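Nothing in this text is a laboratory measurement; each read-out follows from the coordinates by a stated rule. Keep in mind it's a predicted model, so treat the numbers as computed, not measured. As a convention, Cβ positions derive from the backbone with ideal geometry for all residues, glycine included, and neighbour counts pool all protein chains shown.
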């Protein structure tokens with residue numbers, strides 16, 4: 001065999017090895033996503049009956065997170081429990097703030113599960129109000145979600161789905177929330193590059209087979225816009241910032257722990273407090289000031305407004321999509 005023939009032969013062997021590795025990686029991805037999806041489904045069934053008037057937010061959130069771990073999954077982000085005008089990013093702080101469900105509340109639970117960094121994200125709403133303006137608000141999000149699932153397929157632009165979502169939610173006499181919506185999910189990244197908007201006027205991206213998307217629908221009795229509150233109990237590593245000078249020993253210890261345990265995924269301040277007795281608040285403060293961590297502020301509509309949410313994760317297939325959650 002000549003040297004050129006030998007090189008060609010090696011190239012073929014290397015190529016087949018690459019293909020085998022890709023096949024194995026794809027198999028791991030599908031199996032991990034399906035396992036995470038089944039866990040998310042079980043956690044929803046487990047936690048929904050516990051959501052009742054008088055239930056404490058910290059108990060519901062802790063129970064849901066513990067159930068994810070009991071079922072051999074990992075939290076892709078802290079469980080969110082958002083009430084009434086609070087739309088997203090509320091999880092219980094380290095010290096229980098006493099939040100509990102009351103008569104008249106509209107309660108949203110948003111949870112994520114990952115296996116090996118492959119993530120699913122899902123949410124639902126429970127209504128404890130007799131306010132007539134809320135009679136159909138959950139149905140509005142569910143109908144829009146079902147329509148979006150039916151549309152999702154390769155080559156479609158997510159803007160077209162956003163247009164349908166807007167049409168349905170507004171048809172129920174509610175408003176979608178312009179700053180929130182669905183999103184691509186990538187390995188170790190809850191919010192991927194591509195967006196799935198709530199409005200037809202917003203930018204979109206072409207969908208491709210093999211991609212994973214969260215279809216996330218919000219319906220509001222208000223104007224359909226949220227703002228940052230002053231509260232933040234969820235943090236995440238900023239992937240665009242390299243090494244930074246840290247004065248506090250605790251800050252360095254926290255950063256090492258975060259990198260090892262959460263990588264690029266969001267985490268709760270109270271999770272760190274289980275591992276570190278002192279200095280968590282000051283350590284987080286320094287890491288945020290240095291740009292190493294980004295805060296996820298609690299997002300809210302105006303007071304007196306109600307927001308409902310429904311969300312499922314789908315895998316885009318050649319024919320359309322497979323619901324994972």
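Measuring nothing but alpha carbons in the range 230-297 and taking Rh as the Kirkwood radius, the Rg to Rh ratio lands at 0.91. In the chain, helical runs assigned H by DSSP with n ≥ 4 each contribute -39500 (n - 2.57); averaged across all residues and rounded to the nearest 500, the mean residue ellipticity at 222 nm is -12000 deg cm²/dmol. When the chain is treated as a GNM with alpha-carbon contacts under 10 Å, the residue of 129, 220, 16 showing the greatest mean-square fluctuation is 16. Comparing 258, 177, 161 in a Gaussian network model of the chain (Cα springs below 10 Å), the most mobile by mean-square fluctuation is 258.
Of the residues 75, 321, the one with the fewest other Cβ atoms within 10 Å heads the list, and the complete ranking is 75, 321.
Between the beta carbons of residue 288 and residue 42, assuming R0 = 41 Å, the FRET efficiency works out to 0.75 to the nearest 0.05.
Per-residue extension of 0.36 nm, minus the Cα-Cα distance of residue 63 and residue 227, leaves a gain of 56.2 nm for this segment.
Each peptide in 222-230, 179-187 gets a packing score, the mean of other Cβ atoms within 10 Å over its residues, and the list from highest to lowest is 179-187, 222-230. Which of 165, 115, 101 moves most in a GNM of the chain, Cα contacts under 10 Å? Taking springs between Cα atoms under 10 Å, the residue moving most is 101.
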